[in-house]
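Comments concern the structure below.
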Amino acid sequence: MFRRAALASLVLYSAAPVLAQPVPIEQPADVRPEPPVDAKALLKELEQAGKIYGDAKRALSRGRADEALKALKKSSGTLLSDRESLLKGDALLALGQRQAAEEAYKSAHDNAVIDAVRLRAARGLANVYAQLQNREEQLKSLEELLEVRNIQRRSQIMMERAELLSKMGRTKEALDAAQRVVSDYPTARVAESARALLERLGKKGGVEAGSGRLELARIQNLIRNGESSKAKAALDELEKKSPEMVASIGLTRADLAAKDRDRPGEIAALKAVLALDPDKETTRESLDRLGRTYMAIDQNEDAIATFDLLKEKFPHAKKTVEAQFLAAWLPYNSGQYLAAADRFLKLAAEYKKWKRRPEALWFAGWSAYLAREDALARRAFAQILEEHPQSDMALFAHYWTGRIRERGGQPDEARASYRNVLRIAPLSYQASWAEARLEKLGERVAMEAPKEERPATLEQTLTMLGARRPKGVDRGIALVRAKVEDEAVEELDAASDALAEVKDTRGRVMIAEMLAALGAHHQAFRMASRLTAGGADLVAGEPYAWRAWRMAFPKAFEDEVRHAADAHGIDPLLVLSIMRSESLFQPGAKSLVGARGLMQLMPTTAKRIGQIAEGGKPHASRFLEPESNIWLGAWYLKQLLDRYDGQIALAAGAYNAGPGAMDRWVENGRNMELDAFIEMVNYRETRQYIRRVLETYQIYRRLGASKAADLAWVVSDDVPKKDAVAF
């Protein structure tokens, strides 16, 4: 289970071979120890630096800024100088010494070792300049923050910028900035402040468009809140007052119809917009939406015709290529496989630089395979392997080429294709099937994980990382000593990125294990996950590879998982596989549709389980807590396994899409070979989810020295069980 560990007990594994005969790996010269590190002395030095910083940090957190400044004066090193300057700026600002705080923040900003420090310094400068009434410099600092797409509190910074522009008299820019807040964060609390600013700016006059855009934003909010009648009346009134906005109003009418599930009304609104011959952007959006709306009501011919018209008018637009993919998908989804293959091949030929081109080629080959046009399928798969050998679709191309060869009575050639899958990615989803196919053809292939290696001390680890280790390693350890774990994680994360640039897998694994020892298990898991991709590193004898795989597939929440698995009679490794696929082990995970927790349960599902499962009521009442979320999710998974006769793929698909959707797919796929059935699942998300769960489950079993799970060859003819759970 994920638990916090003290750094004093941090242990890492020594550099032992990961395979019986590992391939020698030449390690980059710039990350090797030269000369050797005196790790014991270094640790004392880092501890001293960390103690000074930690004392100052804790003094400031208690509101004692003067004590923090006094503590910082004891520092004589440069290791944490940027963070110390940042802390100094915070302390000086708290004491009202704005000019001195400005200088401290500038020093932190200009000398920052990592971006996190630079951005905090920019935030500090924005606060100082706000107090100094230096609006130009404040604006520069805010805009620097907004250059980072995933900056925390982005909406508030955007609103702060809009208010500042208004104070500076830059009314049109302020109007645009406030409107952007409303459009990007329509339901957030900050949007109300933005609307209030828009209203104030509109009353000032001189920006006539402001009132119309403000009203349209208000109407869109009414639509989101389900106030359809008010929205319709407001649109009618706005169209009278602002006829120049008729195209935008028309698109909003389409939004209103979509919200009310009025597809004919949505189509009529979009056609009305197109009849206006609007600007290019509006025409592109309207055609794309119209085609997708036709799709939603199964008017496939109209959808394809609309998508083709979009291509005719805007052949190079991004929306066009996505629409052409849908135009190929529609005949595929209705069983017209040759027509689909033709369209997918044309799409791949016309848009050779499109990022999803390998997927288009895959569907071309897969459609041809389903039409039993094996020669055409093989050509499409060969094109993937020749032109996109590094794409995710390459493994599918190898595997299904093997299936074509096997179907065509070429067992030796089929074995060669399956072996290619195992050579490239021996722990992948496709490898599970390739291994099973080889075994069916009389060839036993298995990769066994070695036992975990002997632990090494932190001093030994520093010695192995060497004198040219990234600066973030030392900074991270010092911050650990300072008991500032969040900042330590930032530094170790940056150190891992530096090692990635020189391809030092060993060092990155060590840093991931340091993160785990800090209790930063999600960061360690995330870092290890970046080091694993299919298992080619294991075949190559990459040092420390198995350790990375074990961290990327941890036995998280081990006690809770074992308890739930025992209670419901289910394999705990399967519970872990669902959990990893659903939430990446984040207890606070929440999906866009409202699923919550480690096992991503909808509140209504949790409540229902609590009503019918023996012992489930107390768990349902606290279903956001890890123990209860796992218990409820494991119970539900067990019911789905019973419903689908123990077939993991079907149960996993039902867990993702619901048993209703899975029942429909089963009805059309009885006695179909399971590998093909999974590819026929027509929800892209669910198809990928099933693959991911099966891959994860097989990896967990291999790491635990268990026999690979029997995936079953065909979809059972005796499912779903009529007395099983149906929600």
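The values are calculated or read from the model by the stated rules, or taken from the named source; none is laboratory data. This is a predicted model, so every value here is computed, not measured. Using ideal geometry, Cβ is built from the backbone for each residue, glycine included, and neighbour counts are taken over all protein chains shown.
A few comments on the model shown:
- Where helices (runs of 4 or more DSSP H) fall entirely within the stretch 348-415, those with at least 2 residues that are over 28 Å from the mean Cα position of the chain (by Cα) and closer than 18 Å to Glu435 by Cβ are at 393-407.
- Count of the stretch 331-344 residues, restricted to those that are assigned to a helix (DSSP H, G or I) and either of a type outside the set (A, V, I, L, M, F, W, C) or out of contact with any Ser or Thr (no Cβ under 9 Å at 6 or more places or on another chain) (or both), is 6.
- Sole exception among (1) crowded, with 16+ Cβ neighbours inside 10 Å; (2) in a helix (DSSP H, G or I) for Glu143, by number: (1)
- Tally, over the stretch 266-298, of residues that are of a type in the set (A, V, I, L, M) and more than 32 Å from the chain's Cα centre (by Cα): 9
- Residues in the stretch 162-177 that are assigned to a helix (DSSP H, G or I) and basic (Lys, Arg): Lys167, Lys172.
- Candidate set from the stretch 675-718 (those that are buried (at least 21 other Cβ atoms within 10 Å of the Cβ) and of a type in the set (A, V, I, L, M, F, W, C)); member that is nearest to Ala446 (Cα to Cα): Ile699
- None of Ala174, Ala196, Ala191, Ala162 is more than 23 Å from Ala269 (Cα to Cα) and in contact with a Ser or Thr (Cβ under 6 Å, 6 or more places away or on another chain) except Ala174.
- Within the stretch 33-50, the set of residues being touching a residue at least 60 places away in the same chain (Cβ under 8 Å) and either touching a Gly at 6+ places or on another chain (Cβ under 7 Å) or more than 18 Å from Ser85 (Cβ to Cβ) (or both) comprises Pro33, Glu34, Pro35, Pro36, Val37, Ala39, Lys40, Leu42, Leu43, Leu46, Glu47, Ala49.
- Against the numbered list (1) out of contact with any helix residue (DSSP H, G or I) (no Cβ under 6 Å at 6 or more places or on another chain); (2) surrounded by fewer than 23 Cβ atoms within 10 Å (Cβ to Cβ); (3) hydrophobic (A, V, I, L, M, F, W, C); (4) not assigned by TED's automatic domain parsing to the domain that holds Val480, Ala540 comes up short only at (4).
Residue by residue, here is whether (1) outside the structural domain of Ile477 (by TED's automatic domain parsing); (2) modelled with pLDDT under 90; (3) not in a loop (DSSP other than H, G, I, E, B) holds:
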position	(1), (2), (3)
Ala15	no, yes, no
Leu19	no, yes, no
Asp30	no, yes, yes
Gly54	yes, no, yes
Lys57	yes, no, yes
Asp82	yes, no, yes
Leu86	yes, no, yes
Asp90	yes, no, yes
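- Ser432 meets the conditions (1) at pLDDT below 90; (2) crowded, with 16+ Cβ neighbours inside 10 Å; (3) assigned to a helix (DSSP H, G or I) in every case but one. The failed one is (1).
- For Pro411: the one exception among (1) within 27 Å of Gly541 (Cβ to Cβ); (2) at pLDDT 95 or above; (3) out of contact with any helix residue (DSSP H, G or I) (no Cβ under 6 Å at 6 or more places or on another chain); (4) not polar (S, T, N, Q): (1)
So that you can scan it fast, the table gives a plain yes or no per residue for (1) over 23 Å from Ser155 (Cβ atoms); (2) loosely packed, with under 13 Cβ neighbours inside 10 Å; (3) at pLDDT below 80:
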{"site": "Leu197", "(1), (2), (3)": "no, no, no"}
{"site": "Val207", "(1), (2), (3)": "no, no, yes"}
{"site": "Glu215", "(1), (2), (3)": "no, no, no"}
{"site": "Asp236", "(1), (2), (3)": "yes, yes, no"}
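- Search result, residues across the stretch 492-507 that are modelled with pLDDT of 85 or more, under 18 Å from Gly541 (Cα atoms) and surrounded by fewer than 24 Cβ atoms within 10 Å (Cβ to Cβ): Ala500
- Count - residues of the stretch 530-562 that are without any contact (Cβ under 8 Å) to a residue 12 or more places away in the chain and among the β-branched types (Val, Ile, Thr): 0
- Considering the stretch 533-546, and only residues there that are out of contact with any Lys or Arg (no Cβ under 9 Å at 6 or more places or on another chain) and part of a helix (DSSP H, G or I), the residue that is modelled with the highest pLDDT turns out to be Trp546.
- Scanning the stretch 451-464 turns up at least one residue that is among the hydrophobic types (A, V, I, L, M, F, W, C) and buried (at least 22 other Cβ atoms within 10 Å of the Cβ).
- Number of the condition not met by Glu614 [criteria: (1) acidic (Asp, Glu); (2) free of Cβ contacts under 8 Å to residues at least 12 places away in the same chain; (3) outside any loop (DSSP other than H, G, I, E, B)]: (3)
- Leading residue by the ranking (nearest to Lys471 (Cα to Cα)) among those in the stretch 93-120 that are among the small types (Gly, Ala, Ser) and touching a Gly at 6+ places or on another chain (Cβ under 7 Å): Ala108
- With respect to the stated conditions, Ala116 fails to be under 30 Å from Ala498 (Cα atoms), of a type outside the set (D, E, K, R) and not in a helix (DSSP H, G or I).
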